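Inspection log for the structure reproduced underneath, given as structure tokens.
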Amino acid sequence: MTFPKHLIAFLLVTFAWSWGFWLIPYLHANGVALPDILLGLAAESGSPAAWGPLVGAIVAAFTNGGPKAVLGLLKRCLSFRFGWRWYLAIFTIFPLLIGTSVAIELLTGGEMPPSEALQNPAIVPIAFIFILLLGGPLQEEFGWRGTLLDPLQERFGALWASLMVGFVWGIWHLPLFHIPTDTSYYDRPFWGLLATTMIISVLFTWIYNNTNRSLVAMLIFHTMFNLSHYVFPAIGMDTAGLVLFALQLGAAAAVVFIYGARTLVRDN
């Protein structure tokens with residue numbers, strides 16, 4: 001069984017681009033003298049590294065079908081036509097899961113780290129837009145779901161494809177666990193993030209397959225995942241982190257049980 005050339009191109013470009021740029025702050029943090037022009041790329045807020053999946057997706061589309069395929073890929077972010085129930089799911093699933101995990105921590109005597117969003121709810125819409133454009137979704141979703149998922153679903157079915165995409169998604173983050181950062185995601189063991197991306201990837205595929213494979217749905221769903229962690233800092237709480245892991249696993253298992261592993265779409 002051959003692996004499509006455009007997917008090989010996607011993986012090579014994505015990892016070479018992102019890991020190449022993340023190598024700069026890694027070397028700098030380990031005492032390697034670097035030119036100032038490279039040190040400017042070491043800044044977490046300005047590094048091009050996070051754009052690797054989008055760059056890889058564009059290269060893969062061009063490899064597979066030229067400029068027309070690239071335009072077709074980018075146009076997929078204009079697909080808003082899916083039922084209101086799926087909009088409801090997209091906007092509520094992660095706030096409910098993550099918020100519930102924090103509530104359980106508080107009810108069992110734990111303390112929550114300060115949350116700027118809860119102290120000043122007016123900044124939440126601003127945070128939503130910032131996260132959507134610069135905090136992961138736009139940089140990643142044209143790659144993970146827009147490029148990698150569908151060919152894997154055709155070969156392995158929705159569940160296995162989800163786990164594969166989630167594995168690649170998690171491994172892509174690996175260098176960030178070896179670079180000094182203020183982001184709490186990367187202060188925890190790497191296996192936690194890897195397991196999480198594999199589990200929630202099932203939820204992403206479920207939403208994706210039931211919204212006519214809309215990348216808009218994926219962009220918003222990914223934004224809600226990151227935004228919910230910004231509002232409810234569960235990762236910085238021991239009990240909440242474990243509860244959240246269990247809740248996400250339970251939600252993914254329920255989706256597979258109800259909708260079926262092959263397509264994650266229930267026949268009506």
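The values are calculated or read from the model by the stated rules, or taken from the named source; none is laboratory data. Only a predicted model underlies this, so the values are computations on that prediction, with no experimental measurement involved. Note that each Cβ is placed from the backbone with ideal geometry, even for glycine, and that neighbours are counted across all protein chains shown. Protein only, heavy atoms only, side chains kept; ligands, DNA and RNA dropped before computing areas. Shrake-Rupley method; radii C 1.70, N 1.55, O 1.52, S 1.80 Å.
The residues of segment 97-115 that are assigned to a helix (DSSP H, G or I), open to solvent by 40 Å² or more (accessible area, probe 1.4 Å) and either touching a Ser or Thr at 6+ places or on another chain (Cβ under 7 Å) or touching a residue at least 24 places away in the same chain (Cβ under 8 Å) (or both), listed by number, are Thr100, Ile104.
Could we say that Ile37 is without any contact (Cβ under 8 Å) to a residue 40 or more places away in the chain, crowded, with 20+ Cβ neighbours inside 10 Å and not hydroxyl-bearing (Ser, Thr, Tyr) here?
Spelling it out, it is not the case that Ile37 is without any contact (Cβ under 8 Å) to a residue 40 or more places away in the chain, crowded, with 20+ Cβ neighbours inside 10 Å and not hydroxyl-bearing (Ser, Thr, Tyr).
When Thr92, Thr100 are screened for being among the hydroxyl-bearing types (Ser, Thr, Tyr) and either more than 17 Å from Leu219 (Cβ to Cβ) or at pLDDT below 95 (or both), only Thr100 passes.
In the condition set (1) open to solvent by 10 Å² or more (accessible area, probe 1.4 Å); (2) out of contact with any Pro (no Cβ under 9 Å at 6 or more places or on another chain), Ile220 is compliant with all but (2).
Taken together, the residues in segment 150-173 that are without any contact (Cβ under 8 Å) to a residue 40 or more places away in the chain and either within 16 Å of the chain's Cα centre (by Cα) or outside any helix (DSSP H, G or I) (or both) amount to 8. Being among the hydrophobic types (A, V, I, L, M, F, W, C) and either modelled with pLDDT under 95 or over 13 Å from the mean Cα position of the chain (by Cα) (or both) is the filter here; which residues of segment 134-147 pass it? Correct list: Leu134 only.
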